[in-house]
Amino acid sequence: MDLKGRDFLKLLDFTGEELAELVDLSARFKQMKNSGISHRYCEGKNIALIFEKTSTRTRCSFEVAARDLGMGTTYLDPSGSQIGRKESAADTARVLSSIYDGIEYRGYGQRTVELLAQYADVPVWNGLTDEAHPTQVLADMLTIKERFGSLKGVKLVYMGDARFNMGNSLMVGCAKLGLDFTACAPEEFFPDKKLIDQCLGIASESGSTLRFESDVDKAVRGADVIYTDVWVSMGEPEEVWAERIGRLAPYQVNADVMNKAGSDAVFMHCLPAYHDLNTDIGRKMCEKFDRSCMEVTDEVFESGRSVVFQEAENRMHTIKAVMAATL
Ligand code: CP
Ligand code: NVA
C-alpha cells in the first residue's frame, strides 16, 4: 500500500483494500505501543491541528500519535486561528503547508476540508465534519475486527440519526469493507439518496448489503453490532432537541434492543454519549424532557456488551496509522 502524500478526507476516496490495510497497520501500531517498541517513523516532522469544534478523543489521539511517531504538534482551538473569520481556507492551507508536514481539520462543512486539501501541498486529514468522520470509522473497524476476527459479513445496525457524519461514514465504511449495514431510523433520518446509491454500487462489488429499516424488531434481529450516536450533533441548534427526541426515542438502544439483537451482539458508540445525567447538556435536556438518558441507556452503556472504551482507545492507533501511511 502506498498512500504517501494522500489526503484522508472521506472513506469514499479509498479502496476497500486500502482501508483494510490501514486497519491492519493500526493493529500493528497497537501491538508496538503495547509492547513498548519505539516507532518514531516521522521523526522531526510537525503537524497542525485545527479544531473549529471541541474534541476529547480526536485531539488527544492526534497529539499522542504524533508524539509516538516523533512529531511535534500545534493545536489551533475553535477561537485560536484566523480560519474562516479573517482568512480563507485556501490561504490558511498555503500558510500552514509551508510550515507543517501535515494538517488535521475538524469543523463544519466537508467543503472546507476539501478546500484545505486542494490548496495545501501536504496531507490533510479530516478529524470530523458535518458530513463525515472517517478516522472514527477506521477505529470502529479495528474494534470490530478485534472482536469478531474479520470484517466481511459482520452485521452492523446503526440506530438514530443516520443522515449525519457517523451514519454516512459507517455506511460507506461497511460498503467498502464488506460488512452488512442497516440504518434503523424513521425514513427522514436515512442517509442522502445520492450517497446511498453510490454505496449500493460499492456494496455490489464488495459483497456487502445495505438495508434501510424503520422497524426496530426487523432491523436488529441477528445483528452483531448495535451502533448509535447522539441525536443532536455539534453545531446544531438547541431547538432541534424536541423534534429529535420525539422522532428518535423509539430508536434508543436499551436492554430490549440488545436482547433482540442476540447474545453475542456488542454495543458501539463513537462517544461522547448521553447515557446518564452526569453532563451539563445531558442533565439539562433530560430534565427538560423528563428523561434519564437519551440515545442509549446507562444499563447498556455500562454492560459487558459495550465496547465503547476499546473503540475510543483505537482512535489513537488508527489515527497513527493514517498519519504514518500518508506522511
Ligand atoms: N468520537 C469523537 O470524535 O470524539 P471527540 O469529539 O471527543 O473527538
Ligand atoms: N455526530 C457527532 C459525532 C461526535 C463524534 C457530532 O458530530 O457531534
- prompt: Once the Cα atoms of helix 89-99 and of the chain are each reduced to a long axis, what angle between those two axes, in degrees from 0 to 90 to the nearest 10, is obtained?
  reply: 50 degrees
query: What aspartates and glutamates could a cross-link reach from Lys288, if we take a straight Cα to Cα line under 15 Å and drop same-chain neighbours fewer than 8 places away?
result: Glu238, Glu239, Glu243, Asp276, Asp280
message: Take the residue pairs Lys33/Lys155; Lys10/Lys260; Lys33/Lys53; Lys10/Lys320; Lys45/Lys145 and return only those whose Cα atoms are more than 21 Å apart.
response: Lys33/Lys155; Lys10/Lys260; Lys33/Lys53; Lys45/Lys145
Pair Met1, Glu205: separation of 7 Å Cα→Cβ label points (nm): 1.7 nm
query: How far is helix 57-68 tilted, in degrees, relative to the longest principal axis of the Cα atoms in the chain, given as a value from 0 to 90 rounded to the nearest 10?
result: 40 degrees
- line: From highest to lowest solvent-accessible area (probe 1.4 Å; ligands, DNA and RNA excluded), Tyr158, Tyr119 read Tyr119, Tyr158
- prompt: Under a point-charge model restricted to the Cβ atoms of Lys and Arg (+1) and Asp and Glu (-1), what is the dipole moment magnitude of region 113-157 relative to its Cα centre, in debye to the nearest 20?
  reply: 440 debye
- request: Choose one of Gly178, Gly167, Thr73: the residue whose Cα lies farthest towards the positive end of the charge dipole of the chain (beta-carbon charges +1 Lys, Arg; -1 Asp, Glu; about the Cα centre).
  value: Thr73
message: Just to verify a number: what accessible area does Asp7 come out at with the full protein assembly present, 1.4 Å probe, Å² rounded to tens?
response: 40 Å²
- prompt: If you line up the long axis of helix 110-119 against the longest principal axis of the chain, both from Cα atoms, how many degrees apart are they, to the nearest 10?
  reply: 20 degrees
task: Give me the accessible area of Tyr108, 1.4 Å probe, in Å² rounded to the nearest 10.
output: 100 Å²
- line: Residue span Arg283 to Val64: 0.36 nm per residue of separation minus Cα-Cα distance leaves a gain in nm of 75.7 nm
query: Rank Glu87, Glu52, Glu313, Glu287 by accessible area, highest first, at a 1.4 Å probe radius?
result: Glu287, Glu313, Glu87, Glu52
field: Cβ charges +1 (Lys, Arg) and -1 (Asp, Glu), total dipole of the chain, debye
entry: 620 debye
statement: Per the charge dipole of region 182-244 (beta-carbon charges, Lys/Arg positive, Asp/Glu negative, Cα centre), the residue among Gly201, Val230, Phe189 reaching farthest to the positive end is Gly201
field: Heavy-atom accessible area ranking, 1.4 Å probe, most first, across Ser292, Ser55, Ser26
entry: Ser292, Ser55, Ser26
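The values are calculated or read from the model by the stated rules, or taken from the named source; none is laboratory data. Here the structure is a predicted model, which means the values were calculated and not measured. Methodologically, a virtual Cβ is constructed for each residue, glycine included, from the backbone with ideal geometry; neighbour enumeration extends over all protein chains shown. Ligands, DNA and RNA are excluded from the accessible area calculation, which covers all protein heavy atoms including side chains. Shrake-Rupley method; radii C 1.70, N 1.55, O 1.52, S 1.80 Å.
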